[in-house]
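The structure under discussion appears below in the form of structure tokens.
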Amino acid sequence: MQATFVKIEDIDKFVKFVSKLKGKVYLKSGEIKVNAKSIIGAMYIVKEHPENIVVEVEDPKEKEMVLDFLIRGAHLKKD
């Protein structure tokens with residue numbers, strides 16, 4: 001699933017959310033794949049490859065939770 005991050009706070013909210021999950025979650029762009037539970041990894045991939053960020057979730061139930069989180073825009077900072 002695709003993800004968009006506008007501000008640093010958006011990344012932080014996303015990382016905090018996926019860190020509560022038990023399964024593995026990754027952010028991927030091109031050949032680069034990082035642990036989505038790592039704030040440093042997440043910030044790196046968003047800074048270096050802000051376009052076409054894909055979220056990979058190994059557990060099917062957790063995948064639905066992450067998809068719902070992203071669709072609702074729960075990670076996007078409200079101004």
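The values are calculated or read from the model by the stated rules, or taken from the named source; none is laboratory data. All of these numbers come straight from a predicted model, not from anything done at the bench. Cβ atoms come from the backbone with ideal geometry, glycine included; neighbour counts cover every protein chain shown.
Scanning the range 18-40 for residues that are modelled with pLDDT under 95 and surrounded by 15 or more Cβ atoms within 10 Å (Cβ to Cβ) returns a single hit, S29. The numbered conditions (1) farther than 15 Å from F5 by Cα; (2) at pLDDT below 90 are all true for E62 except (2).
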